[in-house]
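S.K.: One structure follows; several queries about it will come next.
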There are 6 protein chains.
Amino acid sequence: MRMLVTRREHFSAGHRLYNPGYSDERNAEVFGKCSNPSGHGHNYVLEVTLEGSVDPETGFLFDLKELSGIIHKSILDEVDHRNLNEDVEWLRGRNPTTETLAQAFWERLEPQLPAGLLSRVRLIETDKNWVDCTRD
Amino acid sequence: MRMLVTRREHFSAGHRLYNPGYSDERNAEVFGKCSNPSGHGHNYVLEVTLEGSVDPETGFLFDLKELSGIIHKSILDEVDHRNLNEDVEWLRGRNPTTETLAQAFWERLEPQLPAGLLSRVRLIETDKNWVDCTRD
Amino acid sequence: MRMLVTRREHFSAGHRLYNPGYSDERNAEVFGKCSNPSGHGHNYVLEVTLEGSVDPETGFLFDLKELSGIIHKSILDEVDHRNLNEDVEWLRGRNPTTETLAQAFWERLEPQLPAGLLSRVRLIETDKNWVDCTRD
Amino acid sequence: MRMLVTRREHFSAGHRLYNPGYSDERNAEVFGKCSNPSGHGHNYVLEVTLEGSVDPETGFLFDLKELSGIIHKSILDEVDHRNLNEDVEWLRGRNPTTETLAQAFWERLEPQLPAGLLSRVRLIETDKNWVDCTRD
Amino acid sequence: MRMLVTRREHFSAGHRLYNPGYSDERNAEVFGKCSNPSGHGHNYVLEVTLEGSVDPETGFLFDLKELSGIIHKSILDEVDHRNLNEDVEWLRGRNPTTETLAQAFWERLEPQLPAGLLSRVRLIETDKNWVDCTRD
Amino acid sequence: MRMLVTRREHFSAGHRLYNPGYSDERNAEVFGKCSNPSGHGHNYVLEVTLEGSVDPETGFLFDLKELSGIIHKSILDEVDHRNLNEDVEWLRGRNPTTETLAQAFWERLEPQLPAGLLSRVRLIETDKNWVDCTRD
């Protein structure tokens, strides 16, 4: 049997999809209204899943309050109510698609967690669109 | 018996809470992280309620497809994937709080609908915060 | 202070919007895809709200298990997994719009409840469309 | 036009429905499984609605962060992860039905808010059952 | 790291569970109220997941607007507001259980997508029941 | 192609996190407010997923009404509106964390189902926290 625990968090942020190597026309063509110059934003939902074994003493795979603290410190404190194109140092130069963000969040979280524990990062941009990064 | 029909729509937009008559410190104090200079955004949910009588021929109080068309044309086409501080002419000079937006949406919708039909505009900014404008 | 209690129930049913006094073209024009001849269906959500005073002995305005029983007996047992155009005697000859159904459900529920207690019937057809019948 | 703002909060608590003036049989009969002696619990959702006018300077009817603080201090800090029959002084001797709790929460909140502002307290016990206390 | 993107869509349809090789009694026994002769229906939710690598130029694994277009053209345009037993050529002769529908949707989608990209089709019939088809 | 079906059920229960081998201080430190002595509770959501092949005669992987019956009999009838520390024989002596409960539910369900069919048990404690037990 495999055991996994998940913590769900929320943040709101602004962004604009944009490739600086593209012409304005190309950006509009590829990214549509997501590329509007003054940006828009979303209520993002972030789900972080850990896989591991349960500590027989506590009955926890991982303390979810501690996981929440790690998510806040590594990610939410830096992206919540921020503009993802401009305000976040470790996102600079990256086009903030949901894929790019989920991958960046994985990279932020993994070194903060015991090796091999992080199993999945799910980032939900809207009720209709989301991305999963999972361990291979 | 009173009859009401409601249509729910969605849009995503960017905004920043900001009073130009305030100092930067005062803006930060009053609006907190909602006032971060480069803005953020939300997945807004907009619910429009009409009150009236049911047409015995159609069984409709109002055709909700038509209502959806009116909401799109008056509001969503102009605010979806836009920056509410900068991109929308009829919001210019207004601080885009949920209250202000709901009121502005009411003002946009009412002239498009038969007199007295509009009963409530609900604007949901996040799962934790929303505003209702209702007919007195 | 006014007190209200609400019970939410679910059912799934088939229907077709259709006025037998209309031509096929007129039905298609007014009801669109909702008028497709072989019908479609929905997962309906039904919310029933009672307004009254709280019994100091029980702390209940009304026993919600009893209310659920009344809703099942008067409505759900007859409409769940049924075709609303064909299977339900007390809907026969009525075009099963959300408005018509909500009103019919009100008429079914009211005589089963103490006088004046029924305050609102909300019928949700989809996440985007719903109807309220409320006491005047 | 009337303006209302709502804040939604969450807490988890244990309770048991029980009237000490009833026999065990009568408690079981009236309250069913909700009266099981060692108690059970819920993830409650609490929605607080204020009605008033919008401050033209801030665009706020009321600062929802401040409202959240008041809800936490008056209610959540005392009931979250608590047993509602035993741990909360201002609920002692009251049978913790959803009706009783909603009314007690109204009484806790009102003196903390400007006169006349509190419009509704909604307490959701489960997805199927909730109670509203509204201003007359 | 594996990357997956998901798109969620909605449709409403009618159906009846029924095996023509069974007697009426056997159909009623196996399929219960889902076999009522004049049918019922659901608000279905369809989630389509693709797995692949992210294009470094766009930051997209796949353009979700394009995926939505493919889902509409291959599936939704044919099933939305239709009767799944009667109206859809490529479902004819199949008993429209959630399992059968999910499999049929997979078969419709796969040839429209780059080889190997389709990872999962989830079809949600109600909040209580759903089916996943996943790549082996 | 792999096929999976899922059934979602709900129950409400009380619990307290507590290791009898810990001092009171250690319990408070490890389990925080979840360890409050008189307990609290949750509206739990339980999702049970089966993986297998579809019966060509019925179009079912497994009859979800039958699965629901098994879940009720093995689990819900014993935990719903109960205290998980005190009332359930097969949980006695186990600290009722979400991990422990999910594992115990797996152990209850598996012998009731055809060999190899049970694929996942998901137990959702709140909208923010859940646990998956999956077949290796």
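The values are calculated or read from the model by the stated rules, or taken from the named source; none is laboratory data. As the structure is a computational prediction, the values presented were derived from the model and not from experiment. Cβ atoms come from the backbone with ideal geometry, glycine included; neighbour counts cover every protein chain shown. Accessible surface is based on the protein model in full, side chains and every heavy atom, while ligands, DNA and RNA are left aside. Shrake-Rupley method; radii C 1.70, N 1.55, O 1.52, S 1.80 Å.
S.K.: Quote to one decimal, in nm, the extra length available between F:K73 and F:E89 on full extension: 0.36 nm per residue of separation minus the C-alpha distance between them.
M.R.: Residue separation times 0.36 nm, minus the Cα-Cα distance, leaves 4.3 nm.
S.K.: Give me the net charge of A:S38's neighbourhood, meaning all other residues with Cβ under 9 Å from the Cβ of A:S38; Lys, Arg count +1, Asp, Glu -1.
M.R.: My count for the surroundings of A:S38 gives 0.
S.K.: Would you kindly find the accessible area of C:T100, with a 1.4 Å probe and non-protein molecules such as ligands, DNA and RNA excluded, rounding to the nearest 10 Å²?
M.R.: C:T100 has an accessible surface of roughly 20 Å² with all protein chains in place.
S.K.: Check each of the trypsin sites (Lys or Arg not before Pro) in segment E:26-135 and keep only those in coil by DSSP with at most 12 other C-beta atoms within 10 angstrom; list them in order. Intermediate results must be reported in sequence, preceding the final value.
M.R.: Numbers: sites: E:R26, E:K33, E:K65, E:K73, E:R82, E:R92, E:R94, E:R108, E:R120, E:R122, E:K128, E:R135; in loops: E:R92, E:R94, E:K128, E:R135.
When the trypsin sites (Lys or Arg not before Pro) of segment E:26-135 are filtered for loop state and at most 12 Cβ neighbours within 10 Å, E:R92 remain.
S.K.: Oh, and also: What share of the DSSP beta bridges in segment B:3-134 is antiparallel, in percent to the nearest 5?
M.R.: Counting DSSP beta bridges with both partners in segment B:3-134, the antiparallel share is about 95 percent.
S.K.: Relative contact order for segment A:1-71: what percent, with Cα pairs under 8 Å and sequence separation of 6 or more? Please report the intermediate quantities before stating the final value.
M.R.: Values: 86 pairs, mean separation 32.0, N = 71.
RCO, segment A:1-71: 45 percent.
S.K.: Sticking with this structure for a sec: So if I place +1 on the C-beta of Lys and Arg and -1 on the C-beta of Asp and Glu, and nothing else carries charge, what would the dipole magnitude of segment B:3-134 be about its Cα centre? I want it in debye, nearest 20.
M.R.: For this selection, approximately 280 debye.
S.K.: Here is a further query. Which helices count as membrane-span-like in chain A under these terms: full DSSP H, at least 24 Å along the axis by C-alpha, Kyte-Doolittle mean of 0.0 or more?
M.R.: Passing helices, by number: none.
S.K.: Now for a separate question. Give me the inter-chain shielding for B:48-60: mean count of other chain Cβ atoms within 10 Å, whole number please. Each step should come with its number before you reach the end.
M.R.: Values: counts 0, 3, 0, 2, 0, 1, 7, 2, 3, 5, 9, 14, 9.
For this peptide, the per-residue mean of nearby foreign Cβ atoms is 4.
S.K.: When the label point is put 7 Å from the Cα of B:Q112 along its Cα-to-beta-carbon vector, which residues of segment B:57-84 have a backbone N closer than 18 Å?
M.R.: Of the residues in segment B:57-84, B:62-84 have backbone N under 18 Å from the label point off B:Q112.
S.K.: To the nearest 10 square angstrom, how much accessible area does A:D136 have with a 1.4 angstrom probe?
M.R.: Accessible surface of A:D136 is approximately 140 Å².
S.K.: Taking the Cβ of F:D55 as the center, what net charge do the other residues with Cβ under 10 Å away carry, scoring Lys and Arg +1 and Asp and Glu -1? Could you put the intermediate results ahead of the total?
M.R.: Details: positive: none; negative: E:E99, F:E57, F:D63.
Once positives and negatives cancel, what remains is -3.
S.K.: Relative to the isolated chain, which residues of segment F:1-42 have their accessible area cut by 50 Å² or more in the presence of all protein chains (1.4 Å probe, heavy atoms, no ligands or nucleic acids)?
M.R.: For segment F:1-42, once contacts with the other chains are taken into account, F:M1, F:R2, F:M3, F:L4, F:T6, F:R8, F:K33, F:N36, F:S38, F:H40 lose 50 Å² or more.
S.K.: Shifting gears a bit: Counting heavy atoms of the protein chains only and a 1.4 Å probe, report the per residue accessible area for the protein assembly as shown as a whole number of Å².
M.R.: Using a 1.4 Å probe on heavy atoms only, each residue of the protein assembly as shown averages 41 Å².
S.K.: Related question: Which value, in Å² rounded to 10, gives the accessible area of E:L91 with a 1.4 Å probe and all protein chains present?
M.R.: Counting only protein heavy atoms, E:L91 exposes about 0 Å² to solvent.
S.K.: Leaving out ligands, DNA and RNA, calculate the buried accessible area for the pair A and E with a 1.4 Å probe, summed over both sides, in Å² to the nearest 100.
M.R.: Using a 1.4 Å probe, the pair buries roughly 1900 Å².
S.K.: Out of the total accessible area of the protein assembly as shown (probe 1.4 Å, heavy atoms of protein only), what percent is carbon and sulfur? List each step's numbers first, then the result.
M.R.: Numbers: 15050 of 33680 Å².
On the protein assembly as shown, the fraction of accessible area on carbon and sulfur atoms equals 45 percent.
S.K.: Let me ask you something else. Given C-alpha coordinates of segment C:3-134, what is the ratio Rg to Rh with the Kirkwood estimate of Rh?
M.R.: 1.04
S.K.: Okay, next question. Sort A:H40, C:H72 from largest to smallest accessible area, using a 1.4 Å probe on the heavy atoms of the protein chains.
M.R.: C:H72, A:H40
S.K.: Where the centroid of each part is defined by its Cα atoms, how far is segment A:15-90 from segment B:12-72 in Å?
M.R.: 24
S.K.: Going by accessible area, probe 1.4 Å, with all protein chains left in place, what is the ranking of E:Y44, E:Y22, D:Y18, largest first?
M.R.: D:Y18, E:Y22, E:Y44
S.K.: Nothing charged except the Cβ atoms of Lys and Arg (+1) and of Asp and Glu (-1): what's the magnitude of the dipole of the protein assembly as shown about its Cα centre? Round to the nearest 20 debye.
M.R.: Magnitude of the dipole: close to 0 debye.
S.K.: Take the Cα atoms of segment C:96-136, find their three principal axes, and give me the spread along each one in whole Å, biggest first.
M.R.: Extents along the principal axes: 32, 16, 15 Å.
S.K.: A further question on this structure: Just need the relative contact order of chain E here, percent rounded to a whole number, with Cα pairs under 8 Å and 6+ apart.
M.R.: 30
S.K.: What Kirkwood radius, in Å to one decimal, follows from the Cα pairs of the protein assembly as shown?
M.R.: On the way: mean 1/r = 0.0352 Å⁻¹.
About 28.4 Å, per the Kirkwood formula over Cα pairs.
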